[in-house]
Amino acid sequence: MPPAMERLLGRIRELQEAVQEEIEERRAEFRYRVERGRVVFEDDMRRRHRELREGWLSFLKRTRPMVVLTAPVIYSLILPLALLDLFVSLYQAICFPVHGIEKVRRGDYIAIDRHQLGYLNGLQKLNCVYCGYANGLIGYAREIASRTEEYWCPIKHARRIEEPHARYGSFVEFGDGEGFRENLSRRLREQADRRRGGG
């Protein structure tokens, strides 16, 4: 990879880490901690959250009818999402070990915790569980797909694509046949080393 590209990717990683650090600092303002996967707020924050909760009937009364009518369409995606979850999980469980690709930890992507917020009513909590699952699953599937792409076809596209995955910057340039051959040879050597226990 060209040094300029390495520097740019390094800066992206640094910025992503800075964003995470800023998020951590903001979390401290809301006085909670996570104990064994469960969010624990300080007593005064829990009280304040209960005071802010809107009942689900009041919530539904102020919701536009078309929003309510689209809910079944939104929730109908749960079946294809669950199938995607099943198939990408099976895919990586079967194929990744054969090819020496590191598996993706599902729990690193799917976070379902917003239902623990006391200021959300039951309907809002259900919506948050759905969104946490759906968006986390898409991220999980994208990571599995990106590791697959990195293994089989680590070549940039000829045209610009919006928001490429994190591995894309290290892919070989479109049209660089020599670079592709070198990348393939290196990958095969690394796999052989791993199979022999060399790393």
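Is region 104-118 home to any residue that is without any contact (Cβ under 8 Å) to a residue 40 or more places away in the chain, assigned to a helix (DSSP H, G or I), over 20 Å from residue 23 (Cβ atoms) and out of contact with any Ser or Thr (no Cβ under 9 Å at 6 or more places or on another chain)?
Step one: of region 104-118, the residues without any contact (Cβ under 8 Å) to a residue 40 or more places away in the chain are 105-112, 114-115.
Pick out the ones that are also assigned to a helix (DSSP H, G or I) and you get 106-108, 114-115.
Then keep just the ones that are over 20 Å from residue 23 (Cβ atoms); that gives 106.
Pick out the ones that are also out of contact with any Ser or Thr (no Cβ under 9 Å at 6 or more places or on another chain) and you get none.
Within region 104-118 (the criterion being without any contact (Cβ under 8 Å) to a residue 40 or more places away in the chain, assigned to a helix (DSSP H, G or I), over 20 Å from residue 23 (Cβ atoms) and out of contact with any Ser or Thr (no Cβ under 9 Å at 6 or more places or on another chain)), the answer is no, since none of the residues qualifies.
Return the residues of region 2-53 that are out of contact with any Phe, Trp or Tyr (no Cβ under 9 Å at 6 or more places or on another chain) and on the phi > 0 side of the Ramachandran plot; say none if nothing qualifies.
36, 37 - these are the residues of region 2-53 that are out of contact with any Phe, Trp or Tyr (no Cβ under 9 Å at 6 or more places or on another chain) and on the phi > 0 side of the Ramachandran plot.
From the list 75, 91, pick out the single residue that is in contact (Cβ under 8 Å) with a residue 24 or more places away in the chain, aromatic (Phe, Trp, Tyr) and more than 21 Å from residue 113 (Cα to Cα). Step through it out loud before you land on a result.
On the way: 75 fails: more than 21 Å from residue 113 (Cα to Cα).
Step by step, each of 75, 91 is checked, and only 91 is in contact (Cβ under 8 Å) with a residue 24 or more places away in the chain, aromatic (Phe, Trp, Tyr) and more than 21 Å from residue 113 (Cα to Cα).
Out of curiosity, is residue 151 assigned to a helix (DSSP H, G or I), of a type in the set (Ser, Thr, Tyr) and farther than 23 Å from residue 32 by Cα? Write out each step before concluding.
On the way: assigned to a helix (DSSP H, G or I): yes; of a type in the set (Ser, Thr, Tyr): yes; farther than 23 Å from residue 32 by Cα: yes.
Spelling it out, residue 151 is indeed assigned to a helix (DSSP H, G or I), of a type in the set (Ser, Thr, Tyr) and farther than 23 Å from residue 32 by Cα.
Starting from region 159-186, keep only residues that are on the phi < 0 side of the Ramachandran plot, then list their pairs with residues that are part of a helix (DSSP H, G or I) and of a type in the set (Gly, Ala, Ser) whose Cβ atoms are within a distance under 6 Å, requiring at least 6 positions of separation or different chains.
Within 6 Å, the pairs are 165/146; 167/146; 172/179.
I'm checking my understanding of the structure. Among residues of region 68-102 that are surrounded by 14 or more Cβ atoms within 10 Å (Cβ to Cβ) and outside any helix (DSSP H, G or I), which one is nearest to the chain's Cα centre (by Cα)?
It comes out as 101.
Scan region 6-33 and report the pairs whose first residue is outside any helix (DSSP H, G or I) and whose second residue is exposed (fewer than 11 other Cβ atoms within 10 Å of the Cβ), with Cβ atoms within less than 9 Å and a gap of 6+ or a chain change.
Matching pairs, first to second residue: 31/44.
If you go through region 103-133 one residue at a time, how many are surrounded by fewer than 16 Cβ atoms within 10 Å (Cβ to Cβ) and among the aliphatic types (A, V, I, L, M)?
Result for region 103-133: 4.
Being in a loop (DSSP other than H, G, I, E, B) and more than 12 Å from the chain's Cα centre (by Cα) is the requirement here; does residue 162 meet it? Even if it seems obvious, please write down each step before you answer.
Values: in a loop (DSSP other than H, G, I, E, B): yes; more than 12 Å from the chain's Cα centre (by Cα): yes.
So residue 162 fits the description; yes.
Only one of these conditions is not met by residue 60: (1) without any contact (Cβ under 8 Å) to a residue 12 or more places away in the chain; (2) surrounded by fewer than 15 Cβ atoms within 10 Å (Cβ to Cβ); (3) under 30 Å from residue 47 (Cβ atoms). Which number is it?
(1)
Read-outs: derived from the displayed coordinates by stated rules, not from any lab. Source: prediction; values computed, not measured. For neighbour counting, all protein chains shown are included, and Cβ atoms are generated from backbone atoms with ideal geometry for every residue, glycine included.
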